[in-house]
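Engineer: Starting off with a structure, shown below.
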Amino acid sequence: MKIAFVGKGGSGKTTLSSLFIRHLTANEATVVAVDADINQHLGAALGLDESEAAALPAMGAHLPLIKDYLRGSNPRIPTAEAMIKTTPPGEGSRLLRVGENNPVYDACARTVQLDDGEIRLMATGPFTESDLGVSCYHSKVGAVELCLNHLVDGPDEYVVVDMTAGSDSFASGMFTRFDMTFLVAEPTRKGVSVYRQYKEYARDFGVSLKVIGNKVQGQDDLDFLREEVGDDLLITVGHSDWVRAMEKGRPIRFELLEADNRCALQTLQDAAEDSYEHRDWERYTRQMVHFHLRNAESWGNAKTGVDLATQVDPAFVLGEALAVPQPS
C-alpha cells in the first residue's frame, strides 16, 4: 500500500510518519520509506545521525538511471531523455516491487536498522547551491512520482512517503498516487487550513483522506477538530515522552512507546488496510495518464521535442497481476 503523510510545516507529519514506519516494521510489514520533503528530516526521525542522513543518495541525482531502468523495452519510449516525471508504464516497461532488489534501489535506497527490523529509506535530496534561483521543488520530487507510477505493491507491503509541507503536492498528479493520505493537523485555524485545501483538491479524484489530530491537549482541542474536519478525523495524538526523548537524541526502544500511541498507530494501519479493499487499478492508471497528458501539453512536449501523448499505451493497466520478477 502507498501511504502519504501531509500537513503544514511544523504539524508533526515527519514525526508521525516515522512512528508509523516503526509500527509497520514491528508488525513485520515490508517497508520502503521516502523523504519527499524539501526539509529532509525523515532520516533523523528514524534514528540516523546528521552525517548518515546527509549521506543518503538523492533520487533526483539518479534520475537518468531511474528513467533508463523503468523504460525497459517499452517501444513507445525509445530513449530515457524522452521520459518526464509523469511518463506512465506500458508493455515492456520495468516495474518496481517493494521487496525486490533492483538497480533503482541499489542507487537510491539505503537500509536503516530499526528496533524491530529494517527498512529501505529513499530521499529526494535537498536543494543544492546550483538549484537556488533556477529550480523549483517539483523538479526534485519528479523521481518519486516516476517511481510511484511504475510501482506494483500488494498487501503487507508499504511505501510510506513524507510529503512536502502544505498543498504543494497538488502542483503535480502525485497526490493521486496513494491508497491513503494521512493529513496531520494541529487544533488551530492554520492547522486545519491545509485540510480544507486537500479536501477541495482531492474531491474529484477519489483520494482517501483521513486526519490525524496532533498536539491535542484536552477536550476543547478535540471538539475543535471534530467541528472542523468531521468524520475525517481518525485519531488524535498528544504529548509523548518517547517522542521527546527521540528528538533529544536519546532514543529508547520502540516497544516502550506509550500504549495509547501504539493503539493510535494500529488504527492508522487498520485504515490503510481497509483502503486496500477499495483499490481500483484501472482508475489509478487512468489518472496517471490524465496527468501525463496535462503535463505533456503544458511543458513536456516543448522540453523534450517529442509528442509525449504517444507514450500512452491504451491497452495497459497497471496491477498486481503484473508483479512477476523481471530481469534487470
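The values are calculated or read from the model by the stated rules, or taken from the named source; none is laboratory data. Keep in mind it's a predicted model, so treat the numbers as computed, not measured. So basically every Cβ, Gly included, is an ideal-geometry build from the backbone, and we count neighbours across all protein chains shown. Remember, those area values only see protein heavy atoms, side chains included, never the ligands or the DNA or RNA. Shrake-Rupley method; radii C 1.70, N 1.55, O 1.52, S 1.80 Å.
Engineer: Sort out which residues of segment 181-202 are open to solvent by 40 Å² or more (accessible area, probe 1.4 Å), in a helix (DSSP H, G or I) and of a type in the set (Ser, Thr, Tyr), and write them in order of number.
Structural biologist: Start the filter on segment 181-202 by keeping residues that are open to solvent by 40 Å² or more (accessible area, probe 1.4 Å), which leaves 188-190, 193, 196-197, 199-201.
From what's left, in a helix (DSSP H, G or I): 189-190, 193, 196-197, 199-201.
Passing the criteria: Ser193, Tyr201.
Engineer: Continuing with the same structure: Where the second residue is surrounded by 16 or more Cβ atoms within 10 Å (Cβ to Cβ) and at pLDDT below 80 and the first is over 19 Å from Ala58 (Cα atoms) and lies in segment 132-156, which pairs have Cβ atoms under 9 Å and are six or more apart or on separate chains?
Structural biologist: The qualifying pairs are Val152/Ala323; Asp153/Ala323; Gly154/Ala323.
Engineer: Go through Asp307, Asp270, Asp313, Asp274 for me and flag whichever is closer than 30 Å to Trp242 by Cα and at pLDDT 95 or above. Write out each step before concluding.
Structural biologist: Working: Asp307 fails: closer than 30 Å to Trp242 by Cα; Asp313 fails: closer than 30 Å to Trp242 by Cα; Asp274 fails: at pLDDT 95 or above.
Only one candidate qualifies: Asp270.
Engineer: Of all residues being more than 19 Å from the chain's Cα centre (by Cα) and either open to solvent by 20 Å² or more (accessible area, probe 1.4 Å) or modelled with pLDDT under 95 (or both) in segment 85-105, which is farthest from Gln311 (Cα to Cα)? Just the residue, please.
Structural biologist: Looking at residues that are more than 19 Å from the chain's Cα centre (by Cα) and either open to solvent by 20 Å² or more (accessible area, probe 1.4 Å) or modelled with pLDDT under 95 (or both), I get Asn101.
Engineer: Next question, about the same structure. Let me confirm something: among Glu320, Glu297, Glu282, which residue is exposed (fewer than 15 other Cβ atoms within 10 Å of the Cβ), under 23 Å from Thr176 (Cβ atoms) and over 22 Å from the mean Cα position of the chain (by Cα)?
Structural biologist: Answer to the selection: Glu297.
Engineer: Tell me, please, whether a residue that is part of a helix (DSSP H, G or I), crowded, with 19+ Cβ neighbours inside 10 Å and touching a strand residue (DSSP E or B) at 6+ places or on another chain (Cβ under 7 Å) can be found in segment 228-242.
Structural biologist: yes
Engineer: Could we say that Ile119 is in a strand (DSSP E or B), surrounded by 17 or more Cβ atoms within 10 Å (Cβ to Cβ) and modelled with pLDDT of 95 or more here?
Structural biologist: Working: in a strand (DSSP E or B): yes; surrounded by 17 or more Cβ atoms within 10 Å (Cβ to Cβ): yes; modelled with pLDDT of 95 or more: yes.
When the stated conditions are applied, Ile119 passes them.
Engineer: Then there is this: From (1) under 25 Å from Thr30 (Cβ atoms); (2) under 20 Å from the mean Cα position of the chain (by Cα); (3) open to solvent by 30 Å² or more (accessible area, probe 1.4 Å); (4) in contact (Cβ under 8 Å) with a residue 24 or more places away in the chain, pick out the condition that doesn't hold for Phe205.
Structural biologist: (1)
Engineer: Of the residues in segment 34-53, how many are in a helix (DSSP H, G or I) and either buried (at least 18 other Cβ atoms within 10 Å of the Cβ) or under 19 Å from the mean Cα position of the chain (by Cα) (or both)?
Structural biologist: 5
Engineer: Also, quick follow-up: Being open to solvent by 20 Å² or more (accessible area, probe 1.4 Å) and touching a Pro at 6+ places or on another chain (Cβ under 9 Å), is that true of even one residue in segment 10-33?
Structural biologist: Within segment 10-33, not a single residue is open to solvent by 20 Å² or more (accessible area, probe 1.4 Å) and touching a Pro at 6+ places or on another chain (Cβ under 9 Å).
Engineer: Let me ask something additional. Could you please give the count of residues in segment 209-227 that are open to solvent by 30 Å² or more (accessible area, probe 1.4 Å) and under 17 Å from Ser17 (Cα atoms)?
Structural biologist: 2
Engineer: Consider Phe178 against the criteria (1) surrounded by 22 or more Cβ atoms within 10 Å (Cβ to Cβ); (2) more than 26 Å from Tyr158 (Cβ to Cβ): it satisfies all of them except one. Which criterion is unmet?
Structural biologist: Phe178 satisfies all of (1) surrounded by 22 or more Cβ atoms within 10 Å (Cβ to Cβ); (2) more than 26 Å from Tyr158 (Cβ to Cβ) except (2).
Engineer: Has segment 286-304 got at least one residue that is in contact with a Pro (Cβ under 9 Å, 6 or more places away or on another chain), closer than 18 Å to Gly92 by Cα and either assigned to a loop (DSSP other than H, G, I, E, B) or touching a residue at least 60 places away in the same chain (Cβ under 8 Å) (or both)?
Structural biologist: The answer is yes; a qualifying residue exists.
Engineer: While we're looking at this one, here's another question. Looking for whichever is surrounded by fewer than 20 Cβ atoms within 10 Å (Cβ to Cβ), under 19 Å from the mean Cα position of the chain (by Cα), of a type outside the set (Lys, Arg) and at pLDDT below 95 here; the options are Leu56, Leu63. Which one fits?
Structural biologist: Leu63
Engineer: Okay, next question. Tell me whether segment 256-266 contains one or more residues that are under 19 Å from Asp179 (Cβ atoms) and modelled with pLDDT under 95.
Structural biologist: no
Engineer: Given the conditions (1) over 18 Å from Tyr198 (Cβ atoms); (2) among the small types (Gly, Ala, Ser); (3) part of a loop (DSSP other than H, G, I, E, B), report the number of the one that Gly9 does not fulfil.
Structural biologist: Unmet condition: (1).
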